[in-house]
Amino acid sequence: MSQQSPNGQTPTPVSGVDDGAHRRLRPRPLVQPPVDPAYASAFGRPDGVSGAFATRDVPVPQVQSAPPPPESLATAFGRQDSSELLQRPPQPTGEPDPDIDPVFWGDKPAGDPWRDPASGAVIGPPAVGEDAPGEPDRKQEPGPQLSVPELIFGRRVKPAALALLTAVALLVGAAGGLVGWLIGRAGNPLTDSTVTLAEVQQGKERPAGSISDIAKRVTPSVVSIEFKGANVAGVGSGVVIEAGGYIVTNDHVVAPAAQDSSAKLSVVFTDGTRAQARVVGRDPKTDIAVVKVEVTNPTVLQFGNSDDLQVGDSVIAIGSPLQLSNTVTEGIVSALHRPVTAAGENGGPQVTYDAIQTDAAINPGNSGGALVDSRGALVGINSSIRTETGGSVGLGFAISGNQARKISQELIRSGQVKHADMNVNVKSVSAETSEGAQVQNVPAGGAAAAAGIQEGDVITKVGGRMVRNAAELVVAVREHEIGQTVQVVLARQGRELKLDVTLKSD
């Protein structure tokens with residue numbers, strides 16, 4: 001619809017109707033769609049009710065509820081017949097605390113209105129403390145700590161404060177130093193910094209012939225012999241016996257290097273000089289060998305006469321025991337002409353030599369080293385020890401100097417050595433009245449067979465030396481030269497016989 005203005009002009013049509021009170025009303029819809037009977041039954045006004053509220057005398061029909069569910073669904077999802085509620089109040093576990101209100105109050109009002117749903121709402125003052133005039137105080141967080149560069153160069157602290165801090169630190173340090181100086185000056189009453197101990201003006205007297213004098217003269221001529229290969233390595237000792245660089249040592253010291261082509265022998269002198277060594281000759285039967293090095297002007301040790309030694313004479317052993325070079329030990333001659341036997345190296349011939357027994361400490365590594373007398377002369381080549389513990393127990397043995405000189409000289413001259421031999425096999429025997437070496441076998445063509453020695457004879461003496469066992473027979477024969485005729489005393493069927501035997505080469 002439209003409305004005409006007083007000036008006769010027709011205004012623009014507007015929706016809605018003015019109800020006279022100058023209020024704008026929404027237009028009524030011209031078409032009202034039909035209402036679903038189900039919605040009308042559920043949500044429509046009852047008959048006889050035109051407004052939002054019905055009078056008490058108007059009956060309100062009951063809304064028809066949905067049909068009951070099938071029995072199967074009710075059994076599966078329906079509520080079970082039980083007087084128990086879905087949420088049960090907690091059961092008291094003991095005597096309740098009277099100062100704590102229960103969660104469920106029953107028919108009594110709660111002490112705390114905030115926990116009573118039936119209490120009225122009251123607007124109160126702001127929830128602040130009584131002494132807080134405004135906003136609550138906030139906890140002040142500590143600021144970042146300053147590093148030393150920032151403190152000194154960052155201008156975060158006033159220069160005057162830094163200067164004052166430095167002055168205080170210097171003052172504290174000076175005070176501490178002064179206190180320490182005073183305490184140190186007071187000192188311990190048991191100490192005295194002014195004391196100077198007296199010193200002996202003259203040094204220790206070392207007369208000629210003293211052990212220190214002998215060691216000083218002899219030690220430069222004793223060397224360490226090292227051998228090293230792919231499968232072998234070890235250290236022994238040796239003695240320089242000739243200015244051309246010839247060194248005498250034990251055969252068992254150089255045997256591993258001689259049998260292994262990859263092994264190399266080197267000699268180390270007391271001043272640290274190291275030289276390559278070559279084997280000149282070996283005598284496995286007496287455990288003597290000679291090697292040679294190319295050096296100039298070595299210190300040479302002279303041989304002494306080992307036959308002049310007596311039991312009780314002082315002797316000094318020098319060598320490299322347990323790889324400790326230039327080691328000097330001192331002792332005495334414990335026994336002379338002690339026959340010593342040992343197994344040969346790698347199945348070689350048996351070692352037998354006439355030994356000097358000494359109680360000077362000898363250990364592995366001393367082998368091939370020097371045994372000198374009180375004059376510093378070489379009287380033996382240290383060779384072996386007898387022990388049950390593996391260490392030195394005062395039973396050391398050295399090859400006599402005379403025998404070592406004879407064998408080493410022959411090795412230097414020809415590279416090999418031959419020994420006098422009777423060519424007879426014997427074993428050690430002893431009886432109530434005598435002891436000696438009993439003949440087990442007499443090979444044909446030998447010196448013993450030519451002299452008439454028979455199997456079963458017991459040899460008791462060769463030349464001027466008594467024979468008490470098989471080893472002593474060997475050393476007694478080797479004291480003589482090849483081709484020399486010696487008298488042999490033996491026992492045969494209870495009789496003593498004397499035969500002349502012309503010794504042959506072994």
Over 39 Å from the mean Cα position of the chain (by Cα), more than 29 Å from Met466 (Cα to Cα) and either at pLDDT 90 or above or not small (Gly, Ala, Ser) (or both): which single residue out of Asn305, Asn326, Asn297 fits that description? Asn297
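Each row is one residue, and each column tells you yes or no for (1) touching a Ser or Thr at 6+ places or on another chain (Cβ under 9 Å); (2) on the phi < 0 side of the Ramachandran plot.
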residue: Gly452; (1), (2): no, no
residue: Arg465; (1), (2): no, yes
residue: Ala470; (1), (2): yes, yes
residue: Val475; (1), (2): yes, yes
residue: His480; (1), (2): no, yes
Evaluate the following for Asn363: is it of a type in the set (S, T, N, Q), assigned by TED's automatic domain parsing to the domain that holds Val222 and under 34 Å from the mean Cα position of the chain (by Cα)? yes
Criterion first (at pLDDT 90 or above, under 13 Å from Thr358 (Cβ atoms) and not in a strand (DSSP E or B)) does Val315 satisfy it? no
With (1) closer than 24 Å to His480 by Cα; (2) out of contact with any Gly (no Cβ under 6 Å at 6 or more places or on another chain); (3) exposed (fewer than 15 other Cβ atoms within 10 Å of the Cβ) as the list, and Gln350 as the residue in question, which single condition is left unmet? (2)
Answer with yes or no whether Arg386 is surrounded by fewer than 18 Cβ atoms within 10 Å (Cβ to Cβ) and out of contact with any helix residue (DSSP H, G or I) (no Cβ under 9 Å at 6 or more places or on another chain). yes
Find the helices (runs of 4 or more DSSP H) located wholly in the stretch 395-506 whose residues include 1 or more that are closer than 30 Å to Phe303 by Cβ and in contact with a helix residue (DSSP H, G or I) (Cβ under 7 Å, 6 or more places away or on another chain), and list them. 401-414
So in the stretch 208-245, with the set limited to residues that are under 38 Å from the mean Cα position of the chain (by Cα), of a type in the set (A, V, I, L, M) and at pLDDT 90 or above, which one is surrounded by the fewest Cβ atoms within 10 Å (Cβ to Cβ)? Val235
Could you grab me the full set of residues in the stretch 212-229 that are in a helix (DSSP H, G or I) and of a type in the set (Ser, Thr, Tyr)? Ser212, Thr219, Ser221
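Restricting to the stretch 274-287, give me the number of residues that are closer than 17 Å to Phe227 by Cβ, in contact (Cβ under 8 Å) with a residue 60 or more places away in the chain and assigned to a strand (DSSP E or B).
Narrowing the stretch 274-287 to residues closer than 17 Å to Phe227 by Cβ: 274-282, 284, 287.
Filter once more, so that each one left must be in contact (Cβ under 8 Å) with a residue 60 or more places away in the chain: 280-282, 284, 287.
Checking which are assigned to a strand (DSSP E or B) leaves us with 280-282.
Matching residues across the stretch 274-287 total 3.
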Run Thr389 past the list (1) free of Cβ contacts under 8 Å to residues at least 60 places away in the same chain; (2) in a loop (DSSP other than H, G, I, E, B); (3) within 20 Å of Val477 (Cα to Cα) and report the number of the one that doesn't hold. (3)
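I'm checking my understanding of the structure. Among residues of the stretch 329-347 that are over 40 Å from the mean Cα position of the chain (by Cα) and of a type in the set (Ser, Thr, Tyr), which one is surrounded by the fewest Cβ atoms within 10 Å (Cβ to Cβ)?
Start the filter on the stretch 329-347 by keeping residues that are over 40 Å from the mean Cα position of the chain (by Cα), which leaves 332-341.
If we keep only those that are of a type in the set (Ser, Thr, Tyr) as well, we get 334, 341.
Details: Ser334: 18, Thr341: 15.
The selected residue is Thr341.
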Test result for Gly368, surrounded by 24 or more Cβ atoms within 10 Å (Cβ to Cβ), part of a loop (DSSP other than H, G, I, E, B) and assigned by TED's automatic domain parsing to the domain that holds Val253: yes
Residue count, the stretch 244-273, condition part of a strand (DSSP E or B) and either out of contact with any helix residue (DSSP H, G or I) (no Cβ under 8 Å at 6 or more places or on another chain) or not assigned by TED's automatic domain parsing to the domain that holds Val223 (or both), comes to 5
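The values are calculated or read from the model by the stated rules, or taken from the named source; none is laboratory data. Computed from a predicted structure; not experimentally measured. A quick note on method: Cβ atoms are made from the backbone with ideal geometry, for glycine too, and the neighbour counts reach across all protein chains shown.
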